[in-house]
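Structure first, then comments.
The values are calculated or read from the model by the stated rules, or taken from the named source; none is laboratory data. All values reported here derive from a predicted model rather than from experimental measurement. Neighbour counts are summed over all protein chains in view; Cβ atoms, including those assigned to glycine, are modelled from backbone coordinates with ideal geometry. Areas reflect the complete protein model, heavy atoms only, side chains present, ligands, DNA and RNA absent. Shrake-Rupley method; radii C 1.70, N 1.55, O 1.52, S 1.80 Å.
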Amino acid sequence: MKREDWSIVIPVIATLVSAILSEVISNIIIKMIFIICIVSDSIIFLSYQNNKRKWKKNLIIILSIINFSILFIVPVINSSPMIYISHLMDYFKLDKRETKIDESNIKINNDLAEIKDKVNKISNNVEEYSFLNNKDDPEEVKEIAETIESIIDDLEYYLDVKTSKQKVQILYKMSLGTDEYYYCNIIRAFEACGIDCEEMSIDEYKLLLWDVERLYAIYNMKESIRDDLAEGVFYEEKEFLYDDFRMDMSEYSDIFDYEGWRIYYEDKTAEEVDSYLDSYIKDYYRKFNLNFRENID
């Protein structure tokens, strides 16, 4: 097999294997994050073969770290390494496995089957699998541009957003990141509002990186209240400063200055706060679903 063929086969195999391994992850939110990261990692890996940009390599490393962390740490925390291995062995013994099936299990299995089917389509039509193609929507661009202009007009903080990449990143992460839009149309909307994305080195992949960074911070926020959730704690005030929950790994760290931006709740239980943070994660899932999965329908 030629070297360039391996660049296609490897991410496809990785995605298929990950779908199987994800069976041992019981939490549906973590399972979805795991699958999304695997698919995103495969897409960026394919893109990296044609354009070996350093930030793409870094993003591949970030997503891989998240994948391995979820795959190996979460199951071990919930049980033990031997139980984890046992679950994997049981997965392949379909003729001996007795499973109690309920509606949620059926939904998860259907989702995994759908993802596996889409991965097969990726391998057969790799050149068409790009969230950068065939997504132009003038109406969506107009809607996003109007939202951006409204935000800029309402907050004096954004007066210099057209010349400051720092402010553009804050605006995107805090106000547009979870909105269900195509990346390419967000870029076009920025340009329509006078933000020179080319000059600031902002493209669709950069927006994806920003989404991963904020998603990781929100995940850390959610993890930080795990004990409070178990104890049923009530918060008169609860503050999550983004600077305190940034991605911090030896291979990659989010060094962006969030300038005091935060998520703040008042008079909420830990369960309610956890639910709100879950909603952010689900919003990102829907956005990734829009930008990636529809490309191979």
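Placing R0 at 22 angstrom, the Cβ-Cβ distance between Leu241 and Lys52 gives a FRET efficiency of 0.05 after rounding to 0.05. Hey, quick one: spin label on Glu231, modelled 7 Å out along Cα-Cβ, who in segment 251-282 has an amide N within reach, i.e. under 20 Å? Within reach of a label on Glu231, which here means backbone N under 20 Å from a point 7 Å along Cα→Cβ, segment 251-282 contributes 265-275.
Applying a DSSP loop filter and a limit of 15 other Cβ atoms within 10 Å to the GluC sites (Glu not before Pro) in segment 170-239 leaves Glu180, Glu198, Glu199.
Projecting label points 7 angstrom from Cα along Cα→Cβ for Phe68 and Thr269 puts them 4.0 nm apart. The 3J(HN,Hα) values that the Karplus relation (6.51, -1.76, 1.60; θ = phi - 60°) gives for segment 211-224 are, in residue order, 5, 4, 4, 6, 4, 5, 4, 5, 4, 5, 4, 4, 5, 5 Hz. Gly and Pro appear as x.
Only Cα pairs under 8 Å and 6+ residues apart enter the sum, and on that basis the relative contact order of segment 194-265 stands at 30 percent. Here r is the Cβ-Cβ distance between Glu149 and Ile255 and R0 is 35 Å; the resulting FRET efficiency, rounded to 0.05, is 0.75. Think of segment 222-275 as having a plus end and a minus end, set by charges on the Cβ of Lys, Arg, Asp and Glu; of Ser253, Phe234, Ile263, Ser253 sits farthest toward the positive end of this dipole. With 0.36 nm allotted per residue and the present C-alpha distance subtracted, the Glu199-Asp136 stretch has 20.5 nm of extension available.
Using the Karplus relation 6.51 cos²θ - 1.76 cosθ + 1.60 with θ = phi - 60°, the per-residue 3J(HN,Hα) values for segment 163-169 come to 10, 10, 5, 4, 5, 4, 5 Hz, with x marking Gly and Pro. Distant-in-sequence amide contacts of Tyr235, defined by a placed amide H-H separation under 5 Å and a gap of 5 or more residues or a different chain, comprise Lys268, Thr269, Ala270. On full extension, the segment bounded by Asp278 and Lys165 gains 37.8 nm, given 0.36 nm per residue less the C-alpha separation. The share of accessible area on segment 175-297 that comes from carbon and sulfur is 40 percent, using a 1.4 angstrom probe.
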